[in-house]
């Protein structure tokens, strides 16, 4: 069992060097040397446990094959696992970026993040918000003049109304003289 542990640690150090550490670093060469040395120690220990030059060739071949299988599994799986972990890191970064974009802009199409502000800007209070033309059903009312405290409208028949308070929201006009529309 101990020889296989040596081989596993050696394989792990070598694969860590290849897949994780920058090869130009001096420590990476040290890890490679230690990994190869541990693998050689595992192979030598297996050779001695099996009986050395008097060992059964079939059993020795199987024991050495286990060392080869450990290295093959390390070559295949360490690269795959590190590739998958790398993709997961990119996926997490993408999700975080999308969450930041969503909360920053409140939508991904770049529209305004404060919807209540845009609704409030549609509603205007006071006489300055009154349009020049407004309609009461099919009757048209035209602004005659506007003062600081009231506005006077007349219709096509010559009738006049005086408005002292008004609220305009998206073409709907609520006044102290009644409800009108601007048909924008």
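The values are calculated or read from the model by the stated rules, or taken from the named source; none is laboratory data. Because the structure is predicted, anything quoted here is derived from the model rather than measured. All Cβ positions, even for glycine, are placed from backbone atoms using ideal geometry, and neighbour counts span all protein chains on display.
The table below lists the values:
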read-out: Unique match (being exposed (fewer than 12 other Cβ atoms within 10 Å of the Cβ) and modelled with pLDDT of 80 or more) among 149, 114, 136; value: 149
read-out: Residues of the stretch 47-61 satisfying the condition of being at negative phi and either out of contact with any helix residue (DSSP H, G or I) (no Cβ under 6 Å at 6 or more places or on another chain) or loosely packed, with under 12 Cβ neighbours inside 10 Å (or both); value: 47, 48, 49, 53, 54, 55, 56, 57, 58, 59, 60, 61
read-out: Verdict on residue 18 being under 25 Å from residue 76 (Cβ atoms), at pLDDT below 85 and not in a loop (DSSP other than H, G, I, E, B); value: yes
read-out: Selection from the stretch 153-164 of residues that are farther than 11 Å from residue 140 by Cβ and either surrounded by 14 or more Cβ atoms within 10 Å (Cβ to Cβ) or touching a residue at least 12 places away in the same chain (Cβ under 8 Å) (or both); value: 160, 161, 162, 163, 164
read-out: Residue in the stretch 62-83 that is assigned to a helix (DSSP H, G or I) and surrounded by fewer than 10 Cβ atoms within 10 Å (Cβ to Cβ) present; value: no
